[in-house]
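Please treat every number below as a calculation from the coordinates, not as lab data. This structure is a prediction, so every number in the text was calculated from the model and none was measured. All Cβ positions, even for glycine, are placed from backbone atoms using ideal geometry, and neighbour counts span all protein chains on display.
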Amino acid sequence: MTKHAQDLILVDREKCNRDCICELECPFDLIYYGEDGYPRLRRAAKKHCIACGHCVSVCPSQALDLKMLRLENCVPIDRKLQPAPEQVAQFLKSRRSIRTFKKKPVDRADLEWMLDVARYAPSAHNLQPVRWKIISDQNVIEQLTTCIVDWMDAHKLFPGVVRAWRTQHDDKVLRHAPHLVVAYAPIDGESPSADCSIACTYLELAGHSKGIGACWAGFLMNAVEHTDHINKVLNIPDGFRIYGALMLGYTKFRYYMIPERNPAQVDWI
């Protein structure tokens, strides 16, 4: 049986007020209003609908449902939880790159909550390609530090970092973090680097709300570009690549001030 576009959409005619909002909000212009005055899907929807959920989410009467994205699984937006602009500003400005952590591991429930928030990060064409490795085994983290230090030493980079690890077991690479979070995605994706970076940012900010600090693992990301040892240690599948990494743990020290930053450099056109 041929699958028609209308098989993908469900419209509750008793609720639909035929306001055309769903049509206007569809990013690929896949919704139109039929002769009966109710929304329908174009044939192209079978191929081009990315299940972003705009049409379902924007309908004020909850009259629209998609078979690939059910209304019953969508969470209502609680306007009472919307933070005030000054709260958003302080939250974002007070975020710090944390390199000193409590030794206590982050609760598994908190990690799962952060990952749940991060899965709502935008991705190109809503492909949602990001996969995660959560490393809590300190032996594995130390193995990764050794791989990175060996790479540094071979290329005569950061001799102080190399010396600290080899003589004092002082980890200036992954900072003795209780956890390392790695985001990876298919190499042949639409925009895997941006997708993983945005997802890592969501994860980091979610943790910030719970007193869980993070620092982007720049040394690891540099090493990944030049050595395959890290991929082997983490068992990254063929065809995938690491595009983001964070050291993660409960923040050891509280911060009290927001440091000044340079003015924004903007061309208003």
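Panel order for Arg13, Arg254, by other beta carbons found within 10 Å of each beta carbon, from fewest to most: Arg254, Arg13.
Would you mind ranking Glu225, Glu142 by Cβ crowding within 10 Å, fewest neighbours first? The partial results should precede the final answer.
Details: Glu225 9, Glu142 16.
In increasing order of surrounding Cβ atoms, one gets Glu225, Glu142.
Per-residue ellipticity at 222 nm, computed for the chain from helices alone with -39500 (n - 2.57) per DSSP H run of at least four residues, works out to -9500 deg cm²/dmol. Among His54, His155, His125, a tally of other beta-carbon atoms within 10 Å of each Cβ gives an order, fewest to most, of His155, His125, His54. Of the options [x] 0.93; [y] 1.26; [z] 0.97, only one is Cα Rg over 2.2 N^0.38 Å as computed from these coordinates, and that is [y]. Hydrophobic, long helices, defined as DSSP H runs whose alpha-carbon span along the helix axis is 20 Å or greater and whose mean Kyte-Doolittle value is at least -0.5, occur in the chain at 138-154, 192-208. If you take the Cα centroid of segment 1-61 and the Cα centroid of segment 205-268, the two points sit 39 Å apart.
Would you mind estimating how fast segment 2-136 diffuses translationally, via Stokes-Einstein at 10 °C and 1.306 mPa s with the Kirkwood radius over Cα pairs, in µm²/s?
Values: Rh = 18.3 Å.
Diffusion coefficient, whole number: 87 µm²/s.
Computed about its Cα centre, the charge dipole of the chain is approximately 780 debye, with only Lys, Arg, Asp and Glu carrying charge at their Cβ. Distance check, please: which entries in Lys46/Lys210; Lys93/Lys172; Lys80/Lys104; Lys47/Lys210; Lys67/Lys210 exceed 31 angstrom between their Cα atoms? Cα-Cα > 31 Å for Lys46/Lys210; Lys80/Lys104; Lys47/Lys210; Lys67/Lys210; rest within. Where a ≥ b ≥ c are the square roots of the eigenvalues of the C-alpha gyration tensor, would you call segment 227-269 rounded, which needs a/c under 1.5, or, failing that, prolate if a/b is larger than b/c, or oblate? Because a/c hits 1.5 or more and a/b fails to exceed b/c, segment 227-269 counts as oblate.
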